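The values are calculated or read from the model by the stated rules, or taken from the named source; none is laboratory data. This structure is a prediction, so every number in the text was calculated from the model and none was measured. FYI the Cβ positions are ideal-geometry reconstructions off the backbone, even for glycines, and counts take in every protein chain you see.
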Amino acid sequence: MQIRKSPEVHDVVIIGSGASGGMAAWNLTRKGLRVLMLDAGTKFPRSQFWSHVKPWQVPERIAAGQKPPQFYVDLKTAPYQTPPGQPFDLVRVWGRGGKTNIWGRVSLRYADLDFAGAEHDGWEIPWPIRYKDLAPYYDNVDRLIGVCGGDDDQDSLPGSRYHLPPPAPRCGERLLQRAAGNIGISIVAGRRAVLTRPHNGHAACHYCGACGKGCDVGAFFNSSDYLIEPALASQRLRVIDNAVVARILTDDEGRAGGVQYFDRFTKEEHTVKARVVVVAASCIDSTRILLNSKSHRHPNGIGNSSDVVGRYLSEQVRLHMFGFVPELLGAPVQNDDGIGGEHVYMPRFNHRDGRKRDYLRGFGMQFWGCGAGDNAGWAKQIPGFGADFKTAVRKRYPALVALHPYGEVLPYADNRITVGAAGVDDYGVPIARIEFKYRENERKMMTEMYQTAAAILKEAKAEILPYDPLFMGIPGQAIHEHGTCRMGADPKRSALNGFCQMHDVNNVFVVDGAAFTTASEKNPTLTILALAWRATDYLANELKAKRL
Amino acid sequence: MNPTRRDVLVTIAAIAAPPAEAQASFLTAAELVSLTVLVDTIIPRTDTPGAADAGVPAYIDRRLAANAQLAERFRAGLKAVGADFPALSEAQRTELLQARQDDPFFQLVKSMTVDGYYTSKEGLAGELGWHGNTYLTEFKGCTHPEHQR
């Protein structure tokens with residue numbers, strides 16, 4: 001097949017349109033650079049979101065042949081392989097804005113406890129940056145996208161001067177907050193990228209609670225509306241739809257010169273040229289591209305002389321506990337939708353004086369699903385049937401509380417992705433094989449995560465729904481993949497410097513979750529945005545200084 | 001109050017006569033009768049609608065039509081419950097199900113009944129009182145003085 005080669009040399013080509021790709025496009029065009037973005041899908045029109053389709057209307061609509069936007073890419077288009085008995089659920093959205101269309105929106109700043117963890121416990125390497133390096137960028141991001149939250153900061157949860165007002169907690173959240181406080185555990189106001197008032201031209205939240213279906217008014221940050229549309233308006237961004245990137249192309253010296261991609265539907269091969277390549281295709285897809293970019297200068301994939309690319313895949317380990325608080329049994333049902341997801345958060349506390357633990361790092365806790373929800377799946381665990389069962393479910397419905405601890409998974413060299421042995425996709429490009437296991441440290445942390453959630457529920461005198469304390473969930477389901485192209489001070493032990501720039505190839509930047517040195521217990525997107533902003537400030541300066 | 005046999009047949013007639021385009025369906029008419037009685041024994045009509053009133057049999061049938069593996073397992077389970085199940089008295093049905101509460105098929109039917117009923121308008125809005133997914137200008141949260149710290 002003929003290869004379509006574009007003769008134009010762009011300043012920067014960005015692979016991917018999610019949080020990090022959108023940030024790169026917005027910031028670089030703002031600085032006057034001419035940018036090409038390759039997006040593996042197309043725009044998801046907000047007018048087609050099913051945000052206000054009631055649960056019982058869903059089957060009717062499907063029976064009538066209608067479909068909500070198909071956010072999640074199917075495994076036929078984007079296959080990957082896992083070893084038998086070692087599943088990893090990889091969730092990806094190909095299309096404008098990527099996963100930010102339907103993300104959880106929890107926006108927590110990393111603390112020095114996270115950046116410097118390895119300095120204290122010696123496990124693998126610390127980040128090459130500290131909170132003070134990223135703090136101005138966290139401020140920038142908060143101001144740009146709008147993050148609501150409180151000022152009840154902690155050593156493990158740095159604050160912000162720019163939070164929008166936090167929403168009032170729901171009844172169940174209040175009761176958990178009180179119970180946790182009684183046993184010395186702080187539950188603070190949550191921090192979430194949801195607009196509790198109009199912000200930078202974006203509409204305020206109308207508290208419909210359907211964020212997971214996409215927001216029909218754009219009241220929470222999504223990369224498409226908040227970053228890519230303004231970048232397009234600058235006339236300096238061009239986006240190519242349905243461009244599935246295979247490889248970064250290099251010259252004889254091993255420097256990046258462009259990108260090879262395939263049209264998602266026609267499968268036609270194309271190449272484009274650029275002075276700088278920004279990789280932002282989400283952790284595992286980005287890493288796959290790097291590993292597939294082999295040449296005589298880069299026999300293990302581009303920028304991989306350290307052999308760390310693909311290694312140290314760090315997801316998070318989490319669990320879910322449910323209970324019913326006595327004060328709310330049989331209470332009048334309220335509209336508990338709020339801003340979707342919990343209005344409170346339990347920051348990490350296990351590092352504090354006087355607490356002993358037999359594992360490294362820590363966990364926080366989220367509480368989505370407290371109160372009257374749009375289903376009652378938990379009722380499957382209420383024993384019995386008949387009229388008594390119905391009464392038992394109705395009584396408990398307003399009293400539901402939900403606890404979801406999230407714990408850091410340590411970086412391990414053999415939790416990794418590889419290419420080559422797992423076959424190829426429909427475009428003939430080698431697919432990723434994902435090998436990921438929880439280890440002893442995660443099992444021990446899980447024990448304390450269960451104990452902490454159970455202790456809060458017991459103090460709240462809640463009826464606890466049965467749970468399996470050995471259940472660790474299927475890896476990948478937190479949708480927080482990090483670490484497979486980590487940054488670090490030592491080029492022998494890391495692939496990127498603190499500006500997400502490859503040690504080996506200075507005109508390649510990897511700005512998504514792959515760049516993280518550790519996972520921490522926190523949701524990554526706010527930090528991805530701050531890192532991508534900082535990296536592209538540096539990139540633009542280096543280009544102007546003609547060092548790239 | 002449990003549905004009489006006539007109620008069941010009326011429900012079946014409604015299910016069996018879908019609008020113009022034939023809907024994807026898996027279960028036979030006889031199986032639907034059994035299923036209807038079964039789901040109504042799990043969530044009966046009381047002062048609010050029951051599972052059959054809320055269209056749960058059709059909901060389950062649609063899910064089965066979309067999942068061949070599940071459908072065959074379901075059919076075998078339904079067969080084991082017995083063709084005479086709908087003809088049993090309420091007391092007999094209750095006794096029969098009480099003895100089978102740990103049975104995987106009962107768990108499956110209960111699970112699908114819970115999913116279908118508590119996402120139906122009758123079950124979610126009517127029975128539970130959900131009134132969310134709307135447009136609000138403010139969210140007041142918990143206003144109970146006794147719940148504040």
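Observations, loosely collected:
- For the range A:34-64, taking the residues that are at the interface with another protein chain (Cβ under 9 Å from one of its Cβ atoms), in contact (Cβ under 8 Å) with a residue 24 or more places away in the chain and touching a Lys or Arg at 6+ places or on another chain (Cβ under 7 Å), the one that is nearest to A:N242 (Cα to Cα) is identified as A:S51.
Residue-by-condition table, conditions (1) within 14 Å of another protein chain (Cβ to nearest Cβ); (2) buried (at least 21 other Cβ atoms within 10 Å of the Cβ):
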| residue | (1), (2) |
| --- | --- |
| A:W127 | no, yes |
| A:R143 | no, no |
| A:D153 | no, no |
| A:S156 | no, yes |
| A:R161 | no, no |
| A:P167 | yes, yes |
| A:G172 | yes, yes |
| A:L175 | yes, yes |
| A:N182 | yes, no |
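- Qualifying residue in the range A:251-263 (condition: aromatic (F, W, Y), out of contact with any Gly (no Cβ under 7 Å at 6 or more places or on another chain) and part of a strand (DSSP E or B)): yes
- Annotation note: Cβ proximity below 8 Å between a residue of the range B:94-116 that is small (G, A, S) and a residue that is outside any helix (DSSP H, G or I) (sequence gap 6+ or interchain) occurs for B:G116/B:A51; B:G116/B:A54; B:G116/B:G55.
- Screening A:K99 with (1) in a helix (DSSP H, G or I); (2) more than 14 Å from every other protein chain (Cβ to nearest Cβ); (3) within 30 Å of B:A58 (Cα to Cα) gives one miss only, at (3).
- Listed by first and then second residue, the pairs linking a residue in the range A:309-337 that is farther than 14 Å from A:G369 by Cβ and within 14 Å of chain B (Cβ to nearest Cβ) to a residue that is of a type in the set (S, T, Y) and buried (at least 20 other Cβ atoms within 10 Å of the Cβ), with Cβ atoms under 8 Å apart and 6 or more places separating them unless they lie on different chains, are A:V333/A:Y397; A:N335/A:Y207.
- Considered as a group, the residues in the range A:384-419 that are of a type in the set (V, I, T) and within 11 Å of chain B (Cβ to nearest Cβ) include one that is nearest to A:I431 (Cα to Cα), and that residue is A:V393.
- Unique residue being in a loop (DSSP other than H, G, I, E, B) and at pLDDT 95 or above when the list is A:P405, A:P383, A:P398: A:P383
- Within the range A:1-38, the set of residues being touching an Asp or Glu at 6+ places or on another chain (Cβ under 6 Å) and modelled with pLDDT of 95 or more comprises A:S17, A:S20, A:L33, A:R34.
- Tabulated pairs, the range A:188-217, first away from chain B (no Cβ under 13 Å) and farther than 22 Å from A:Y138 by Cα, second of a type outside the set (A, V, I, L, M, F, W, C) and not in a loop (DSSP other than H, G, I, E, B), C-beta under 6 angstrom, 6+ apart or interchain: A:G214/A:N101
- Applying the criterion of being within 22 Å of A:E342 (Cα to Cα) and out of contact with any Lys or Arg (no Cβ under 8 Å at 6 or more places or on another chain) to the residues of the range A:355-373, the residue that is nearest to the other protein chains (Cβ to nearest Cβ) is A:A372.
- The lone criterion from (1) of a type in the set (D, E, K, R); (2) loosely packed, with under 12 Cβ neighbours inside 10 Å; (3) within 21 Å of B:K121 (Cβ to Cβ); (4) modelled with pLDDT under 95 left unmet by B:R62 is number (2).
- Selection status of A:T266, hydroxyl-bearing (S, T, Y), farther than 29 Å from A:R105 by Cα and surrounded by fewer than 21 Cβ atoms within 10 Å (Cβ to Cβ): yes
- Filtered by the rule that a residue be at the interface with another protein chain (Cβ under 7 Å from one of its Cβ atoms) and either over 18 Å from A:E173 (Cβ atoms) or of a type in the set (A, V, I, L, M, F, W, C) (or both), the range B:130-149 gives B:W130, B:H131, B:N133, B:T134, B:Y135, B:L136, B:F139, B:C142.
- Checking the range A:355-363 against the condition returns a match, with at least one residue being within 22 Å of the chain's Cα centre (by Cα), crowded, with 22+ Cβ neighbours inside 10 Å, in contact (Cβ under 8 Å) with a residue 40 or more places away in the chain and in a strand (DSSP E or B).
- Criterion violated by A:E8 - all others in (1) part of a loop (DSSP other than H, G, I, E, B); (2) charged (D, E, K, R); (3) within 23 Å of A:V508 (Cα to Cα) satisfied: (1)
- Single residue of the range B:88-131 satisfying the filter (of a type in the set (K, R) and farther than 13 Å from A:G386 by Cβ) that is modelled with the highest pLDDT: B:K121
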